[in-house]
Amino acid sequence: MRKYTIAIVAALVAAGGAWAQSRTSGGSLEVIGDVAVTQLVAKHIELNEKVRTVPGYRIQIGSLAGNDAKTRAFDKKERFKQAYPEVPIYLIYDEPNFRLKVGDFINKLEAYAFLQKIKATFPGSIVRDNVYPIHQTLDELIPESEDDI
């Protein structure tokens with residue numbers, strides 16, 4: 001008897017839910033919220049439009065800590081600049097570490113190709129995911145013809 005009671009209750013709940021949906025499907029929805037939330041969302045959208053970023057990759061050629069970490073980081077930075085002047089290099093201080101990251105690679109393949117090129121000179125280098133500001137305009141990223149690919 002208990003099985004039948006549970007089945008009947010489940011059927012009534014399902015029917016009631018269907019009836020409730022059909023009653024409210026033609027209505028309207030009014031959202032009542034704080035004005036400050038709307039202002040924060042607008043500010044968030046405004047900031048996102050100003051700071052354009054793109055997901056990409058950089059190669060970390062050093063993470064240095066210790067008493068002379070700053071000196072070693074600047075020395076390594078200069079060595080890299082001498083060897084690869086065309087590649088951007090970033091020195092990031094993330095207490096207590098100095099991290100050296102190089103390149104602005106759009107895809108992982110480019111990053112790993114450059115890593116193969118430098119790993120003999122800078123052993124221990126690794127590819128890292130990053131999100132970084134776009135230094136190029138979108139028009140520069142889109143090839144004009146098949147010859148540019």
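The values are calculated or read from the model by the stated rules, or taken from the named source; none is laboratory data. As the structure is a computational prediction, the values presented were derived from the model and not from experiment. Cβ atoms come from the backbone with ideal geometry, glycine included; neighbour counts cover every protein chain shown.
If Q116 satisfies every condition in (1) within 24 Å of the chain's Cα centre (by Cα); (2) of a type outside the set (V, I, T); (3) at pLDDT 95 or above; (4) surrounded by fewer than 13 Cβ atoms within 10 Å (Cβ to Cβ) but one, which is the exception?
Condition (1) is where Q116 drops out.
Mind telling me which of the residues I89, I106 ends up being within 30 Å of E49 (Cβ to Cβ), touching a strand residue (DSSP E or B) at 6+ places or on another chain (Cβ under 6 Å) and modelled with pLDDT under 90?
I106
Out of V41, V87, V54, V37, report the one residue that is closer than 19 Å to S125 by Cβ and aliphatic (A, V, I, L, M).
V87
Any idea how many residues of segment 33-85 are free of Cβ contacts under 8 Å to residues at least 40 places away in the same chain and either on the phi > 0 side of the Ramachandran plot or among the aliphatic types (A, V, I, L, M) (or both)?
Here the count works out to 14.
Quick check: anything in segment 60-76 surrounded by 11 or more Cβ atoms within 10 Å (Cβ to Cβ), of a type in the set (D, E) and at pLDDT 90 or above?
yes
Go through (1) within 16 Å of I118 (Cβ to Cβ); (2) part of a strand (DSSP E or B) for E86 and report which single condition fails.
Unmet for E86, out of (1) within 16 Å of I118 (Cβ to Cβ); (2) part of a strand (DSSP E or B): (2).
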